[in-house]
Amino acid sequence: MALSGMRGLSVFISDVRNCQNKEQERLRVDKELANIRTKFKHEKGLTPYEKKKYVWKMLYIYMLGYDVDFGHMETVALISAPKYAEKQVGNVGGKEFSESLAPDVQKLLISSSCRPLVRKKAALCLLRLYRKNADVVNVEGWSDRMAQLLDERDIGVLTAVMSLLVSLVANNPDGYWNCVSKCVKIIERLTRSQDIPQEYTYYGIPSPWLQVKTMRVLQYFPSIEDPNIRKSLFEVLQRILMGTDVVKNVNKNNASHAVLFEALSLENMTRMLLVADVQESIKRHQAQIITSLKDPDISIRRRSLDLLYGMCDVTNAKDIVEELLQYLTTADFAIREELALKAAILAEKFAPDLSWYVDVILQLIEKAGDFVSDDIWYRVVQFVTNNEDLQAYAAATARDYLDKPAVHETMVKVAGYLLGEYSHLLARRPGCSPREIFPIIHDKFPNVATSTKALLLSAYIKILMHSQPGDPELQKQVLSVFKKYETYLDAEVQQRAIEYFVLSQKGPSMVDIMAEMPKFPERQSALLKKAEDTDGDAAELSATKLRLQQQTSNAVVVVNQHSANGTSHPAPLSSVSSGTRNIDRGFLEQSQVGPQHNDVPVKAAGMVQSLTADLLGDLLAPLAIEAAPASVAATPTTAILPLEEPPVGPADPLALAVLDGNSSSVQPVGSTSDWFNALCKKDSGVLYEDPFIQIGIKGEWRGPQGRVVIFLGNKHTVALTSVRAIVLPPSHLRMQLPPVPELIPPRAQVQCPLDVLSLHASREVPVLDFSYNNSAVTVGSKLRLPVVMSKFLQPAPISSADFVAIWRSLAGPPNKLQEVVRGVNPMLISEMTELFNMFHICVSPGLDPNPNNIVAATTFFSESGATLCLVRVETDPADRTQLRLTVASTDASTTFELKEYIKEQLVDISSITANPATLGFTGPAAALAGLL
Amino acid sequence: MINAVLVMNTQGKPRLTKFYKQVPVEKQQEIIRAIYAVLSSRGENYCNFADASNISGSDNKLVYKHFATLYFIFVVDGAESELAILDLIQVFVETLDRIFKNVCELDIVYNFNKVHTVLDEIVMGGQVVETNSADVMKAVQDIFKLERAV
């Protein structure tokens, strides 16, 4: 430490450091501020050295988080001070360049007589000005000058100029074509290490900053027409890619650098993928990218997933998809859904043959059923239905999966559907007669959700129908199942059971009604659409794509579409993508099928399902069947639909009349905040209720993990459509809500499981954003979910000796925090004890000899482990509206959050807002104002 | 651009804060706390970039490096390359190391004005001015000389 410092400043800093707690620190800071203020008032007596010292002190105070509301004038005065040292301090405060500076700055930048340092700063200054006001640079004049500037030899100036160029080009790529060749030359020079001063090589790489910036500029020019330039760029990229391996091995000395360069190669490659030429050379890195998929850091895993997804084509699809499937079993759940979706899309896009596709998807469901959205298995069903060759194979594979001991529910659905439709194709194979298939499926029946039960009932009647003229034994079994479920609790299952039972008596006409499903109309894969959507909003998903979307450059958009639509890749499943390039049409078709929420099952059930939509459906069912056979034969679904329309007529006005009363605004029947508060203290109950819907919650908590089941119950006699529920988690929680069904049938209830993982302590709560349409109006609301801090607390009974020992060892802030809380909701000690226990903070009675004090202990759980937290509350029997709260734990942020959380619970919100003085006094600025 | 440069120790105490955009004090403290919460939950073997879009603004990223008891953190927007920034942190730290001869946390605490000077030679107005450690050293030394001359 050869440097001379300012003594006064050092003394002040050590004083602050020696403070035992925040209170003391604030007193010291306030004292210093008062001191500085008086000094500045009598400015004449100040030497430049003193002024400087005080400004530095103020800056230090500012850094500690105190509001410094004076001294700006002094700072400005310093800027204009005659001596350099003062000027420099003044500049630190913050720079404001006026627009009138622009021409001068430009002159400085292009004048060759200036020192590099000045020109460098001029370039950045111009950039700053340009960001504030794009007019300061006019394109025509500047594109030539920029090109000239790029001839610069000095790397420092070049880096600065390149920053400016990135900004200019981002706003107007067309204007700067003449810079492209120069940029390629620069990057060539860098990669060949020609004429690069030693100081600018960083760990053997010539100025990586300039390289990165230059490549970024080049990304705005995706198609370079001049073949020579293109060739040299291609060579450069090749060289970089080849070089990455070598660099990685050389750099053994520093582990952090290994990550750096690994990421460097990843990063640059992601971007360069956009340049079609380079794709080939990237493939050589496939193995390494796959390894990165197992990197401990999630952002690297995400990126490598992105990259694999981007580089997949027909030749390597099989390998990549298999790799993804293998990884799926070990991947953590933050990435699983995306992984499953991507694997499904790649399998669909590049499948070498259809049976492979079916294999992949079924494997996917087996390995990660929870993360396979309905869209994925609907898609399989569509494929199988539309490709006759595939049907027998799919049914046989599905049957094999059902033989396994633990079968995921989604698998039961697919298998049930496929076997219902196509098991008759297998009838000749051993072990595959209808009589053998039926018990295999029915084995799973008791353990599945009601929607799956309904689907399985449809499968049974289909199996039964295909076994005509009949196997009396099978018929007996199936009919007994129908009979049994005629009294089932769930209306859907009950209705299917009754109707199928009646239908099965109909003999040959049943064959007509239960005919195989017609082929699906071709439409854009819902999956691809979904992938495009998620690309848009997943935060960390892909920095590149995100950036592409944000920048409005045409050039980049074109490239993006190119890779997203996959026009460059052959698409063997032409039935999927041909003719559906037009996104609008895709949307249209999507919206047409939208209302039938469970797409496939609806069709499987044929008319029966559609009748359940209104109350009179049951009465009319026999009528429909009597009338049906003649016309139904050809197109069962469409022919039935008109029949049910008349009954809808009379039913509707009734429903509307109810709605009209409060259609303009559907109000909850109670107070949402009361519900929320109640749920903070218990694990299940009502979160929201209005005349149409009731949302209930049931939570189970274990350590840092929790499972919350959200129940959406339709109270009304009309189906609720366009149901949407999204959870917006705060940063300290990891949670995932599977998509909710779009439609809730009348008087039905839907359950949505939601897994929660606590990452660290925080008082924020997640928000459930939900909306639905009750056929008259759309109702929406944002509800706080009661995933509060206390859910991750567990009472920690503790002995008095332990408590005292730990309490002592946690001496002061930030691990032990104390605060005098005012405006407390007055309550007795016993009430407070009860409140604490309700929040899983275990009160140890008698540990503190003073009966007016409470001592409690609890354990806070987060992903990183358990933290023991100790709490002490000292109340004043004379004034129950204030108390002293002390919280201690080994983790500073947990201490702080727990203290604030308890405070929130104790303080009556209304009394605080009514009494601003209590609030205001906590700020240092206010305290200061009080002093003066 | 670079939105902020922070140096804080592993307990979350800020040792140097520099924001290149106007941010009110409370918000600054909030950001610092949020960043600390993110960093302290990340293991040693995690990569040096983290998403900060819900801390300081959309498409913001944290690029940080952990040296002994200190975190060096740059909050940057999407226009910066994370890797380039990571290298820049290295340059910053190397320069500090040369100036203070084996820099430690206390050097930074007691000479935070000098650290500011060094930083100002590397980053200006949210843009990288100089990446050459030798040049930065020279400029900083010149400034110190001028200061002493007063």
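The values are calculated or read from the model by the stated rules, or taken from the named source; none is laboratory data. Computed from a predicted model, the values in this text were never measured in an experiment. Reconstructed Cβ throughout: ideal geometry from the backbone, glycine too, with neighbour counts over all protein chains shown.
Assorted remarks:
- Hits in the range B:85-115 (condition: within 7 Å of chain A (Cβ to nearest Cβ) and within 12 Å of B:Ala68 (Cβ to Cβ)): B:Asp107
- Every pair of residues 6+ apart whose Cβ atoms lie under 7 Å, when the first sits in the range A:119-132 and is more than 7 Å from chain B (Cβ to nearest Cβ) and buried (at least 23 other Cβ atoms within 10 Å of the Cβ) while the second is in a helix (DSSP H, G or I) and not aliphatic (A, V, I, L, M): A:Leu126/A:Gln106
- Tallying residues that are facing chain B (nearest Cβ under 10 Å) and either under 16 Å from A:Ser181 (Cα atoms) or of a type in the set (A, V, I, L, M) (or both) within the range A:146-156 yields 1.
- Strands (runs of 3 or more DSSP E) wholly inside the range A:666-772 that include at least 2 residues being in contact with a Phe, Trp or Tyr (Cβ under 7 Å, 6 or more places away or on another chain) and away from chain B (no Cβ under 14 Å): A:684-689, A:693-702, A:721-728, A:749-758
- Of all the listed residues (B:Val7, B:Val38), the sole one being closer than 22 Å to A:Thr894 by Cα and at pLDDT 90 or above is B:Val7.
- Scope the range B:117-142; condition surrounded by fewer than 18 Cβ atoms within 10 Å (Cβ to Cβ) and at the interface with chain A (Cβ under 7 Å from one of its Cβ atoms); matching residues: B:Ala134
- Among the criteria (1) closer than 25 Å to A:Glu819 by Cα; (2) surrounded by fewer than 21 Cβ atoms within 10 Å (Cβ to Cβ), the one A:Lys39 does not fulfil is (1).
- Candidates A:Ala811, A:Ala857, filtered to the one that is of a type outside the set (Ser, Thr, Tyr) and part of a strand (DSSP E or B): A:Ala857
- Answer residue from the range A:679-690, given it is out of contact with any Leu (no Cβ under 9 Å at 6 or more places or on another chain) and within 30 Å of A:Ala776 (Cβ to Cβ) and is surrounded by the most Cβ atoms within 10 Å (Cβ to Cβ) among those: A:Asp690
- Count of the range A:873-890 residues, restricted to those that are touching a Phe, Trp or Tyr at 6+ places or on another chain (Cβ under 8 Å) and either loosely packed, with under 15 Cβ neighbours inside 10 Å or of a type outside the set (A, V, I, L, M, F, W, C) (or both), is 1.
- Pairs with Cβ under 6 Å, 6+ apart, first in the range A:356-375 and over 14 Å from A:Glu322 (Cβ atoms) and assigned to a helix (DSSP H, G or I), second at pLDDT below 80 and among the aliphatic types (A, V, I, L, M): A:Ile365/A:Val372; A:Ala368/A:Leu328; A:Asp375/A:Ala526; A:Asp375/A:Leu527
- Any hit, the range A:178-189, residues being modelled with pLDDT of 80 or more, hydroxyl-bearing (Ser, Thr, Tyr) and more than 22 Å from B:Leu83 (Cα to Cα): yes
- Residue match in the range A:308-328 (condition: touching a residue at least 40 places away in the same chain (Cβ under 8 Å), touching a helix residue (DSSP H, G or I) at 6+ places or on another chain (Cβ under 8 Å) and within 26 Å of A:Gly431 (Cα to Cα)): no
- Only a single item in (1) touching a Pro at 6+ places or on another chain (Cβ under 7 Å); (2) under 24 Å from A:Leu733 (Cα atoms) is not met by A:Thr881, and it is number (2).
- Qualifying residue in the range A:421-433 (condition: closer than 27 Å to A:Pro738 by Cβ, under 45 Å from the mean Cα position of the chain (by Cα) and not basic (Lys, Arg)): yes
- Boolean, A:Pro766 is over 18 Å from A:Glu689 (Cβ atoms), of a type outside the set (D, E, K, R) and in contact with a Pro (Cβ under 7 Å, 6 or more places away or on another chain): yes
Here's the yes/no breakdown for (1) touching a Gly at 6+ places or on another chain (Cβ under 9 Å); (2) among the β-branched types (Val, Ile, Thr); (3) without any contact (Cβ under 8 Å) to a residue 40 or more places away in the chain:
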| residue | (1), (2), (3) |
| --- | --- |
| A:Ser722 | yes, no, no |
| A:Ala725 | no, no, no |
| A:Leu728 | no, no, no |
| A:Pro745 | no, no, no |
| A:Val750 | yes, yes, yes |
| A:Pro753 | no, no, no |
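- The set of residues in the range A:739-783 being surrounded by fewer than 19 Cβ atoms within 10 Å (Cβ to Cβ), farther than 14 Å from A:Leu720 by Cβ and in contact with a helix residue (DSSP H, G or I) (Cβ under 6 Å, 6 or more places away or on another chain) consists of A:Arg763 alone.
- Exactly one residue out of A:Lys41, A:Lys83 is over 52 Å from the mean Cα position of the chain (by Cα), at the interface with another protein chain (Cβ under 8 Å from one of its Cβ atoms) and at pLDDT below 75, and it is A:Lys83.
- Meets criteria (buried (at least 16 other Cβ atoms within 10 Å of the Cβ), within 16 Å of A:Leu9 (Cα to Cα) and not small (Gly, Ala, Ser)) for A:Lys31: no
- Hey, B:Arg33 facing another protein chain (nearest Cβ under 9 Å), assigned to a helix (DSSP H, G or I), free of Cβ contacts under 8 Å to residues at least 24 places away in the same chain and among the basic types (Lys, Arg) or not: yes
This table checks each residue for (1) at negative phi; (2) within 8 Å of another protein chain (Cβ to nearest Cβ).
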{"site": "B:Pro24", "(1), (2)": "yes, no"}
{"site": "B:Val38", "(1), (2)": "yes, yes"}
{"site": "B:Ser41", "(1), (2)": "yes, yes"}
{"site": "B:Gly57", "(1), (2)": "no, no"}
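- Elements of the type helices (runs of 4 or more DSSP H) sitting completely within the range A:98-160 and holding at least 3 residues that are modelled with pLDDT of 75 or more and out of contact with any Asp or Glu (no Cβ under 9 Å at 6 or more places or on another chain): these cover A:116-132, A:139-149.
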